[in-house]
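Visitor: Below are the structure tokens for one structure; questions will follow.
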Amino acid sequence: NMNKLYFGNLSPSVTVEDLKQCFGENHLPMPDQVLLKPGYAFVDFPDQNAAIQAIESLHPTGKVELHGKVIEVDYSVPKKLSRSRKIQIRNIPPHLQWEVLDGLLAQHGTVENVEQVNTETETAVVNVTYSTKEEAKEAIEKLTGHQCDDYSFRVSYIADMDAAPPDQAPRTRRGGRLSRNQGASQPGPSGEFGAPRTLQQDLRIIVPTQYVGAIIGKEGTIKNVTKQTQSKVDIHRKENAGAAEKPITIHSTPEGCSAACRMIMEIVQKEANETKAMEDIPLKIIASNNYIGRLIGKQGRNLKKIEEETGTKITISSLQDLNIYNNERTITVKGSLEACCNAEVEIMKKLREAYENDVAAINQQTSLIPGLNLNALGIFSSALPVLPSAAGPRSTMPPVGPAGYNPFIGHSSHPSSLYGVPPASAIPHQHAAQEQEVAYLFIPTQAVGALIGKKGQHIKQLAHFAGASIKIAPAEKPDATERMVIITGTPEAQFKAQGRIFGKLKEENIFTGKEEVRLETHIRVPSTAAGRVIGKGGKTVNELQSLTSAEVIVPRDQTPDEKNEVVVKICGHFFASQSAQRKIREIIQQVKQQEQKHQQAAAVSPQHSK
């Protein structure tokens, strides 16, 4: 029971009243029950939060005395569970990254599960399950009092019931988001406690092979780097045997990554100066192609700004080097060591932002469209590992269809599964009768052939895979630069069909190397709902744009068509466009429901007046 605490080292003269008075003086919640024995007591608190509050107030100070003796406080763990595999770590700095904590925990054994407990405390609290009791014991010995940014960890055994009591189920952090009090705390900068856990914290750089020895160093230079910057550094020496360059991955906070990168570049530069190899060694960063477009910005604005502010020259490897196995681009930064390091901070800030927007959009999509098999979409190619490492058997992802069905993981790893619609059982029945939607997607004329495929094979497979009807409208005029693709299907079918079309255009390199695929999509909305999409003084449409990073235009003065509908134009990359489409459809639904209510009310009221 996570609400039950053990109070030890009590003077024999202590009474239950004394204990309760002590709790009052320390502003603690009143216990439900106190079982007093000579020298010790078991105290039941109303909930886990109250227990954590008590342990936090009384345990660390060692100053709370009763009748001249310092009270000891810990969880009450039944004898048979006293050597449990589960421990609780408290007083964790609120800004500590998951990666750093994971690194610490892993030093003592195999961690089966980590869950953050929602507490009122400023600091974070996690429950950790190791695979063996011995590992948990070592972790308790080594982590108790561990200093981390002026915070000292406090660790206790907790009962390993293999399940938390239902009323206080700790929120497992494997399923994407992690927040202390849902809604109450604004997500902090990425990866902190109380913020979405992200895996794109890593900084990946490439260094010339001849300097790898110097980085590893005779005196364990790399150990010095990891210690000083609190980061984990992997030097992939064995990769690309014989290659002129080797990749290095740095896992840490954004600041930790930058500090480690600076130290590594200093080592390389010093070595280069000693061997008189070359003047300035460029900094090379590897990043997934999915984020490059947003790093570059519209007409190259973002990149130009970074170059100007840091005094560097930045180039990005061409798309020609990309293939199905390699979705990476190399960003080369030239300038002084100081300038390159400053540019790294700005470049990674942009890449992390793009990554986080995608994860937020994915989380939103999967909650909107249950059973969505994102892996089978094939639109993320190798960027998929960046999705939250959700849903091991211990995770508490919302149950979707059969147990173990995970929207992030394709059921079959065969290429054919790209066209295999997720098992019907994976899509809950209440969504079976989802409304058919129509979207009009505009693609460059030169992409039409690729989309149709040989003898219409590609478009047929795509329609089957997405469960949608996909038709390409005839060209409006002979020299039209764009063609309209009409997609009809449920929200899930829309997501899949549009996703694959965006992906296809990326594969075909229709867009020039530095641009991300951005397309215009039109959806028709009832003219009565158009005002709601715009909002008072354009408020809603502006919020939509900043929330989804898509451009949303509701052209004024449209004449509604025969269905009394008008067009809303949405422009953006895939996730931005999808998020905006879903938000607008939600507004339409709300308007429709309100209209139905009014009609029902109008139909009812005449009877009453008779």
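Visitor: Once both labels are modelled 7 Å past Cα along the beta-carbon direction, what's the LYS471-LEU337 spacing in nm?
Guide: For the pair LYS471/LEU337, the computed spacing is 6.6 nm.
Visitor: Next question. Taking 0.36 nm per intervening residue step and subtracting the Cα-Cα distance, what contour gain separates ILE486 from ASN564 on full extension? Show your work: numbers first, answer last.
Guide: Details: separation 78, 0.36 × 78 = 28.08 nm, distance 1.93 nm.
Computed gain between ILE486 and ASN564 is 26.2 nm.
Visitor: Extension gain HIS146-SER11, at 0.36 nm per residue separation less the Cα-Cα distance, in nm?
Guide: On the way: separation 135, 0.36 × 135 = 48.60 nm, distance 3.04 nm.
Gain on stretching HIS146 to SER11: 45.6 nm.
Visitor: What do you get for GluC sites (Glu not before Pro) in segment 504-582 restricted to DSSP loop and a cutoff of at most 13 other Cβ within 10 Å of the site's Cβ?
Guide: Those satisfying the criteria are GLU562.
Visitor: On a 21 Å Cα-Cα criterion, which of the cross-link pairs LYS539/LYS583; LYS536/LYS583; LYS536/LYS592; LYS460/LYS563; LYS454/LYS504; LYS304/LYS350 come out too long? Working shown, then result.
Guide: Working: LYS539/LYS583 14 Å; LYS536/LYS583 17 Å; LYS536/LYS592 19 Å; LYS460/LYS563 29 Å; LYS454/LYS504 14 Å; LYS304/LYS350 13 Å.
Check vs 21 Å cut-off fails for LYS460/LYS563.
Visitor: Continuing with this model, one more query. So if I place +1 on the C-beta of Lys and Arg and -1 on the C-beta of Asp and Glu, and nothing else carries charge, what would the dipole magnitude of segment 205-362 be about its Cα centre? I want it in debye, nearest 20.
Guide: Numbers: 22 positive and 21 negative charges, 29 e Å.
The dipole magnitude comes to about 140 debye.
Visitor: To the nearest 20 debye, what is the magnitude of the charge dipole of segment 437-597 about its Cα centre, counting +1 on the Cβ of each Lys and Arg and -1 on the Cβ of each Asp and Glu?
Guide: The calculated dipole for segment 437-597 is roughly 340 debye.
Visitor: May I ask for the Rg/Rh ratio of segment 437-597, computed from Cα atoms with Rh as the Kirkwood radius, given to two decimals?
Guide: Here the Rg-to-Rh quotient is 0.98.
Visitor: Magnitude of the Cβ-charge dipole of segment 4-75, K/R +1 and D/E -1, about the Cα centre, nearest 20 debye? Before the final figure, lay out the partial values.
Guide: Details: 5 positive and 10 negative charges, 35 e Å.
My answer is approximately 160 debye.
Visitor: Among ILE267, PRO254, SER288, flag the residue with its Cα farthest along the positive direction of the charge dipole of segment 238-307, charges on Cβ as +1 for Lys/Arg and -1 for Asp/Glu.
Guide: Farthest towards the positive end: SER288.
Coordinate-derived values only; no laboratory data. Quick caveat, the model's predicted, so the values are computed rather than measured. Neighbour counts are summed over all protein chains in view; Cβ atoms, including those assigned to glycine, are modelled from backbone coordinates with ideal geometry.
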